[in-house]
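The structure appears below as structure tokens.
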Amino acid sequence: MADDLHITGDPEADALLSTDPLALLVGMLLDQQVAMETAFAGPRKLRDRIGSLDPELLARMDPEALTEVCRTPPAVHRYPGSMAGRIQELSAYLLEHYDGDAAALWTRGEPDGAEVLRRLKALPGFGEQKAKIFLALLGKQRGLTAPGWREAAGTYGEVGAYRSVADIVDADSLTKVRETKRAAKAAAKAPKA
């Protein structure tokens with residue numbers, strides 16, 4: 001396994017992400033319309049508030065109760081209701097297809113990179129881009145050695161890309177990722193010639 005992750009700025013939240021595959025998957029699920037640090041700190045808030053990140057507990061929890069857990073300040077996400085629903089859908093999917101084992105997505109049956117990507121894209125709340133970013137995170141920082149993972153991750157798998165959370169290893173790399181994202185947004189907003 002690779003070194004500990006350094007995404008949130010909170011050593012305890014980062015330790016959870018580094019040791020619990022479901023926490024890392026939920027962090028990636030939450031990574032939209034909030035800062036990366038907020039998204040990936042979400043699993044620790046959930047664990048601390050309900051006592052565990054057990055997928056069975058999350059899947060079967062009363063939806064209103066989980067929404068309240070997500071809403072409690074500091075909120076897990078700016079959209080607590082929709083994200084609580086997504087967390088439950090993801091947990092139920094993992095129970096049904098992987099016996100609740102999040103790591104089985106990338107370990108069961110020794111899949112290649114294309115297969116891991118296919119499995120990630122099948123998850124509730126994971127589209128193509130999110131799946132590629134997560135695949136790159138697994139390959140760059142979590143020791144995934146599946147053949148072809150870089151190719152399957154596309155530009156997110158490139159060495160020195162600084163495009164996503166997959167490239168954050170310290171404060172300097174976080175700054176570089178933010179600069180890359182800002183430049184991409186500016187380019188997207190620029191008038192077309």
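The values are calculated or read from the model by the stated rules, or taken from the named source; none is laboratory data. Remember, it's a predicted structure, so these values are computed and weren't measured experimentally. Virtual Cβ from ideal backbone geometry, glycine too; neighbours counted across all protein chains shown. Ligands, DNA and RNA are stripped out before the accessible areas are found, and what is left, the full protein with its side chains, is counted by its heavy atoms. Shrake-Rupley method; radii C 1.70, N 1.55, O 1.52, S 1.80 Å.
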* **Expected 222 nm ellipticity per residue - DSSP helices of 4 or more, -39500 (n - 2.57), all of the chain, to 500** => -18500 deg cm²/dmol
* To do: Averaging sequence separations of C-alpha pairs under 8 Å and six or more residues apart, then dividing by the length of the chain, give the relative contact order as a whole percent.
  => 17 percent
* To do: Write out the trypsin sites (Lys or Arg not before Pro) in region 129-193 meeting two conditions: DSSP loop, and at most 11 other Cβ atoms within 10 Å of their Cβ.
  => Lys192
* To do: Taking a cut-off of 24 Å between Cα atoms, list the lysines near Lys45, but don't count ones fewer than 8 places away on the same chain.
  => Lys130
* Structure fact -> Rounded to a whole %, the carbon-and-sulfur portion of the accessible area of the chain at a 1.4 Å probe is 51 percent
* Asked: Here are some pairs, Lys140/Lys181; Lys132/Lys181; Lys132/Lys185; Lys121/Lys192; which of them have Cα atoms lying more than 22 Å apart in this structure?
  -> Lys121/Lys192
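From the square roots a ≥ b ≥ c of the eigenvalues of the alpha-carbon gyration tensor of the chain, which class results: rounded (a/c under 1.5), prolate (a/b over b/c), or oblate?
Details: a/c = 1.58, a/b = 1.22, b/c = 1.30.
Oblate, since a/c reaches 1.5 and b/c is not below a/b.
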* To do: Grab the beta carbon distance between Ala183 and Thr19, set R0 = 30 Å, and tell me the FRET efficiency rounded to 0.05.
  => 0.35
